[in-house]
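Trainee: Got a structure here, written out as structure tokens. Questions coming.
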Amino acid sequence: MTATVMTADDIRRAVTRIAHEILERDKGAADVVLVGIADRGDDLARRLAAEVSRIERAEVPVGVLDITFYRDDIGLRAEAPEVHETRIAFDVSGKVVVLVDDVLYTGRTIRSAMDALMDLGRPRKIQLAVLVDRGHRELPIRADFVGKNVPTSRDDNVRVQVQEVDGSDAVTVRRVGDGEEGA
């Protein structure tokens, strides 16, 4: 069974709220940069930057971070990893870097992203913004900004669709049957 837990309007409202929360917590956009984790986190980061620009009348740099070779499960999976390109055209040193991802699950992706980010410089602070926090952490990582907390079982499959990649915006949760893996 598949249930829609966020519609396009819900996602739009969550992005707007997260943009306001970032500006409130960081007292404006002066030293803030957004780094989206490929893929889908980068699309959400661009949306957040557009919303910050609309609210604050300030441009916020946006970068894309590929964490493929920082993952702790590389070589453990049967399928070959999908490699993306890291595109960060600004110095992260001394900045407030807001990492942006679609789903926070075990925390391992975020740990990998922090490792990759630290290879690029020394941020003053790293914050985390996610569209969905589904629980089940394996590492002591929590998001600073969350679009929606979605309680799930480990067997559930959470899928974020974004217009830029999938042609529509939605978040769905599908109960996975016996013998299948969740994501």
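A quick yes/no check of all residues on (1) surrounded by 24 or more Cβ atoms within 10 Å (Cβ to Cβ); (2) within 11 Å of the chain's Cα centre (by Cα); (3) modelled with pLDDT under 95:
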{"residue": "23", "(1), (2), (3)": "no, no, no"}
{"residue": "31", "(1), (2), (3)": "no, no, no"}
{"residue": "37", "(1), (2), (3)": "yes, yes, no"}
{"residue": "40", "(1), (2), (3)": "no, yes, no"}
{"residue": "52", "(1), (2), (3)": "yes, no, no"}
{"residue": "63", "(1), (2), (3)": "no, no, no"}
{"residue": "73", "(1), (2), (3)": "no, no, yes"}
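Trainee: For segment 108-119, does any single residue satisfy the condition of being on the phi > 0 side of the Ramachandran plot and open to solvent by 40 Å² or more (accessible area, probe 1.4 Å)?
Mentor: No, segment 108-119 contains no residue that is on the phi > 0 side of the Ramachandran plot and open to solvent by 40 Å² or more (accessible area, probe 1.4 Å).
Trainee: Determine if segment 160-172 includes at least one residue that is open to solvent by 80 Å² or more (accessible area, probe 1.4 Å) and at pLDDT below 95.
Mentor: No: zero hits.
Trainee: Sticking with this one: Checking the structure you have, find out if any residue of segment 97-115 is in contact with a Ser or Thr (Cβ under 8 Å, 6 or more places away or on another chain) and within 23 Å of residue 11 (Cβ to Cβ).
Mentor: yes
The values are calculated or read from the model by the stated rules, or taken from the named source; none is laboratory data. Everything numeric in this text was worked out from a predicted model, so none of it was measured. Cβ sites come from the backbone with ideal geometry, for glycine too, and all protein chains shown count toward neighbours. To get the accessible areas, we keep the full protein, side chains included, count just its heavy atoms, and leave off ligands, DNA and RNA. Shrake-Rupley method; radii C 1.70, N 1.55, O 1.52, S 1.80 Å.
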